[in-house]
Amino acid sequence: MAGGGFVVGDGQKAYPGKLTPFVLFTCVVAAMGGLIFGYDIGISGGVTSMPSFLRRFFPSVYEKQQEDATTNQYCQYDSPTLTLFTSSLYLAALISSLVASTVTRKFGRRLSMLFGGILFCVGALINGFAKHVWMLIVGRILLGFGIGFANQSVPLYLSEMAPYKYRGALNIGFQLSITIGILVAEVLNYFFAKIKGGWGWRLSLGGAVVPALIITLGSLVLPDTPNSMIERGKHEEAKTKLRRIRGVDDVSQEFDDLVQASKESQAIEHPWTNLLRRKYRPHLTMAIMIPFFQQLTGINVIMFYAPVLFNTIGFTTDASLMSAVVTGSVNVAATLVSIYGVDKWGRRFLFLEGGTQMLICQAVVAACIGAKFGVDGTPGELPKWYAIVVVTFICIYVAGFAWSWGPLGWLVPSEIFPLEIRSAAQSITVSVNMIFTFIIAQIFLTMLCHLKFGLFLVFAFFVVVMSIFVYIFLPETKGIPIEEMGQVWRSHWYWSRFVEDGEYGNGLEMGKSSSNQGTKHV
Ligand code: BGC
């Protein structure tokens with residue numbers, strides 16, 4: 001036995017502990033943070049295709065939409081204020097996630113969740129009661145601040161709370177709750193759009209109060225993680241809590257490792273500059289490239305603008321919201337496939353299969369839209385079969401994303417960072433994700449207006465680039481304990497030159513100490 005925990009057959013460490021109802025409860029409550037993120041992703045597209053909402057806040061867009069359908073359909077939604085409404089949230093989330101990292105470290109994960117919940121609530125109320133465009137935008141900025149806090153703290157909370165054997169499943173559970181949030185928002189939009197009097201959008205936007213209250217109240221009853229308590233010097237409290245979480249009395253091995261891990265990471269004075277060291281080059285590269293590519297799949301064009309997009313290609317408001325509900329359901333179902341397959345088929349297989357699937361669909365959708373709308377954006381009569389083909393291929397595309405770049409875009413970074421750089425590297429991943437979510441949201445409608453169907457070919461090009469990148473540079477991480485992850489870089493034809501023997505950091509799994517280094521091939 002080396003250090004804390006005992007070593008099982010394959011050299012992997014094991015701590016006593018089970019999946020207690022207590023830990024399940026805390027993780028389910030904490031994962032609600034993902035639900036709210038998803039709700040926000042799903043709500044804006046539906047609302048911006050409701051005529052009463054457009055007439056009130058974006059009259060120029062509304063007027064363009066009312067004009068004869070023979071005018072240029074690609075440009076009917078091209079409005080800077082409308083895109084500002086959608087994307088302001090992501091910029092706010094980016095800024096607040098950086099602030100949240102300090103709150104989370106100094107005052108605990110729970111407080112960040114509480115802040116997140118309260119900011120969400122206020123933002124949702126301002127949006128629900130909005131009378132002017134500025135109220136809409138201020139409300140969305142507050143929601144964004146809430147998301148920044150929640151997304152910074154919730155994944156950390158889940159990883160620290162979960163028994164290590166179930167950590168992977170609980171992490172993809174976070175992505176699952178994002179997809180459920182998107183679907184719920186789309187279903188609600190569908191029904192609220194039918195409300196007579198045209199005030200349904202108030203319910204859609206104000207509805208964010210419900211999941212926001214859940215996370216606010218939840219954070220008040222949730223305990224803080226043992227890691228966070230130890231970090232803040234509350235050792236005895238942490239030990240008692242760990243016993244309760246794990247459902248066993250003997251937690252001393254894991255506890256000692258947590259103390260050790262906390263000492264080691266506190267010894268790092270400058271986590272950000274540490275990240276720039278040569279031996280962390282592969283990690284830094286992945287921390288930036290994975291979220292960058294995730295957004296360059298173009299998924300959020302569908303998530304934010306599915307109803308707008310379906311309207312553009314000739315569906316009525318009602319039918320287009322319904323189509324968005326269909327894509328939302330496919331998104332949830334395909335995420336379940338990923339949970340099932342990720343440890344059986346491996347990450348690389350899913351990345352490459354999903355990439356190929358997305359590429360084919362993007363080419364077909366571009367061809368369909370191009371054939372009907374041409375370069376001037378005038379569709380003429382749109383037959384039913386045409387609409388069915390487009391929606392089908394968009395669904396196959398969403399499925400491809402939902403079992404590859406969707407969950408893996410969050411899972412892979414979280415499993416490759418050694419403890420000493422984990423939190424800094426994770427912040428980079430979150431920030432890059434938010435920046436590119438923002439950029440895509442900001443320029444999509446203008447791109448649709450200028451590039452027309454060629455827009456889909458731009459994303460298709462990036463899917464080719466990212467698949468080649470994965471094929472050449474991303475090693476398989478399936479079935480490899482996090483604390484042994486160093487071996488995948490050392491045996492890699494390219495990355496081995498950066499990560500030499502003895503050069504690699506401890507590569508500790510969250511909450512495990514370096515004391516087991518002797519047991520592995522480092
Ligand atoms: C992405 C989001 C996206 C969502 C779709 C997430 O992994 O980060 O940008 O909207 O998946 O399900």
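For the reader, a short list of remarks on this structure follows.
- Boolean, Ser467 is free of Cβ contacts under 8 Å to residues at least 12 places away in the same chain and small (Gly, Ala, Ser): no
- Residue match in segment 431-444 (condition: of a type outside the set (Lys, Arg), modelled with pLDDT of 75 or more and outside any helix (DSSP H, G or I)): no
- Within segment 409-435, the residues that satisfy the criterion of being out of contact with any Ser or Thr (no Cβ under 6 Å at 6 or more places or on another chain) and β-branched (Val, Ile, Thr) are Val412, Ile416, Ile421, Ile428, Thr429, Val432, Ile435.
- Taken over segment 275-299, the criterion of being away from the ligand (no atom under 12 Å from the Cβ) and either on the phi > 0 side of the Ramachandran plot or polar (S, T, N, Q) (or both) is satisfied by Thr285 alone.
- Residue among Ser153, Ser159, Ser177 that is modelled with pLDDT of 85 or more and of a type in the set (Ser, Thr, Tyr): Ser177
- All helices (runs of 4 or more DSSP H) inside segment 318-429 with 3 or more residues being surrounded by fewer than 17 Cβ atoms within 10 Å (Cβ to Cβ): 347-373, 384-402
- Applying the set (1) among the small types (Gly, Ala, Ser); (2) within 16 Å of the ligand (Cβ to nearest atom); (3) modelled with pLDDT of 85 or more to Gly116 leaves exactly one unmet item: (2).
The values are calculated or read from the model by the stated rules, or taken from the named source; none is laboratory data. Since the structure is predicted, the reported quantities are computational estimates derived from the model, not experimental observations. Counting neighbours? That spans all protein chains shown, and the Cβs are built from the backbone with ideal geometry, glycine included.
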